[in-house]
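Contents: one structure, followed by commentary.
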Amino acid sequence: MKLYYSPGACSQAPHILLHEIGLSHDAERVDLKAKTLENGDSYLEGNPKGAVPALELDNGEVLTENAVILQYLGDRSGLGEVLPPMGNFR
């Protein structure tokens, strides 16, 4: 799994959550102005939206919405206190 992030952006939330729940992942910094990765490749090739966060799953699928990424990570954490069950706000 790989998280595409930019410092100071909302991608900080899934970055923190990945560390908190201990899921193995790589992190790739994105230059949001240039829409490039640190190695100079175009970020738009993997994420046409050009925004962060984006989470590339091991099967090649890419999640691009922060709320969806956080829900996905919470569901896989195995820790009940990360997210409440669906329909339960307590």
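A compact table of results
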read-out: Verdict on TYR4 being touching a Lys or Arg at 6+ places or on another chain (Cβ under 7 Å) and crowded, with 16+ Cβ neighbours inside 10 Å; value: no
read-out: Within the stretch 2-29, tally of residues that are within 12 Å of GLY74 (Cβ to Cβ) and in a loop (DSSP other than H, G, I, E, B); value: 1
read-out: Hits in the stretch 26-47 (condition: at pLDDT below 95 and surrounded by 11 or more Cβ atoms within 10 Å (Cβ to Cβ)); value: GLY46, ASN47
read-out: First in the stretch 32-49 and farther than 16 Å from LYS2 by Cα, second anywhere and at pLDDT below 95 and open to solvent by 70 Å² or more (accessible area, probe 1.4 Å), Cβ under 8 Å, 6 or more apart; value: none
read-out: Residue check for ALA54: of a type in the set (A, V, I, L, M) and without any contact (Cβ under 8 Å) to a residue 40 or more places away in the chain; value: no
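Residue by residue, here is whether (1) assigned to a loop (DSSP other than H, G, I, E, B); (2) touching a Phe, Trp or Tyr at 6+ places or on another chain (Cβ under 6 Å); (3) not aliphatic (A, V, I, L, M) holds:
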{"site": "ASN39", "(1), (2), (3)": "yes, no, yes"}
{"site": "LEU44", "(1), (2), (3)": "no, no, no"}
{"site": "ALA51", "(1), (2), (3)": "yes, no, no"}
{"site": "LEU55", "(1), (2), (3)": "no, no, no"}
{"site": "ASN59", "(1), (2), (3)": "yes, no, yes"}
{"site": "LEU70", "(1), (2), (3)": "no, no, no"}
{"site": "ASP75", "(1), (2), (3)": "no, no, yes"}
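The values are calculated or read from the model by the stated rules, or taken from the named source; none is laboratory data. If you're wondering where the values come from, they're calculated on a predicted model, not measured in any experiment. For neighbour counting, all protein chains shown are included, and Cβ atoms are generated from backbone atoms with ideal geometry for every residue, glycine included. The accessibility values were calculated without ligands, DNA or RNA, using every heavy atom of the protein model including side chains. Shrake-Rupley method; radii C 1.70, N 1.55, O 1.52, S 1.80 Å.
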